[in-house]
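Worksheet: the structure to be examined is printed underneath.
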Amino acid sequence: MQKILISACLVGEKVNYKGQGNYCPNVEKLKEKYDLVLFCPEFEGGLPIPRKPSEIRGSQVIREDGKNVTREFEKGASKALGLCKYLGITKAVLKENSPSCGTHLIHNGYFDGRKIKGMGVTARILKDIGIEVYSEDEIDKLL
């Protein structure tokens with residue numbers, strides 16, 4: 001069975017910034033066709049659970065309290081890339097709106113709830129090397 005990288009929160013793992021999951025029922029359909037490889041780039045990059053929210057502002061990832069956490073986000077993205085290369089993964093389903101995993105939309109960087117077109121750090125790195133990235137709203141494209 002082909003392996004696919006998936007944001008761990010989408011499977012219900014309690015790894016998001018609030019210490020909760022973002023369970024997506026369509027994941028059950030994916031399990032029938034793919035071997036799911038769960039991954040949370042923020043946790044793997046060294047950030048705690050729970051953690052203060054972060055957003056991309058320009059080329060940096062800034063925590064709500066102003067701390068620059070770009071390095072942690074880049075570390076998690078690098079680990080995701082390494083895992084994909086090691087396991088031969090060519091597709092990923094990532095959590096939309098996330099500063100790590102957003103595939104089409106991210107928050108605007110000012111913690112005001114507005115979203116803009118853009119990609120999270122991990123989504124961008126994976127896409128740049130040719131891995132197909134999908135949001136949880138696009139799971140049907142993989143079935």
Of residues in region 88-143 being of a type in the set (A, V, I, L, M, F, W, C), touching a Leu at 6+ places or on another chain (Cβ under 8 Å) and farther than 22 Å from SER78 by Cα, the one modelled with the lowest pLDDT: LEU143
How many of the residues making up region 11-21 are more than 18 Å from PHE73 (Cβ to Cβ) and touching a helix residue (DSSP H, G or I) at 6+ places or on another chain (Cβ under 7 Å)? 2
Any residue that is of a type outside the set (Gly, Ala, Ser) and surrounded by fewer than 19 Cβ atoms within 10 Å (Cβ to Cβ) - is there at least one of those in region 41-48? yes
Looking at LYS75, LYS14, LYS31, LYS18 in this structure, which one is part of a helix (DSSP H, G or I), free of Cβ contacts under 8 Å to residues at least 60 places away in the same chain and over 17 Å from TYR134 (Cα atoms)? LYS75
Go through region 34-61 and give me each residue that's at negative phi, in a loop (DSSP other than H, G, I, E, B) and not basic (Lys, Arg). TYR34, CYS40, GLY45, LEU47, PRO48, ILE49, PRO50, PRO53, SER59
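The values are calculated or read from the model by the stated rules, or taken from the named source; none is laboratory data. Fair warning: this is a prediction, and the values are worked out from it, not measured in the lab. Quick reminder, even Gly has a Cβ in these numbers, built from the backbone with ideal geometry, and neighbours come from all protein chains shown.
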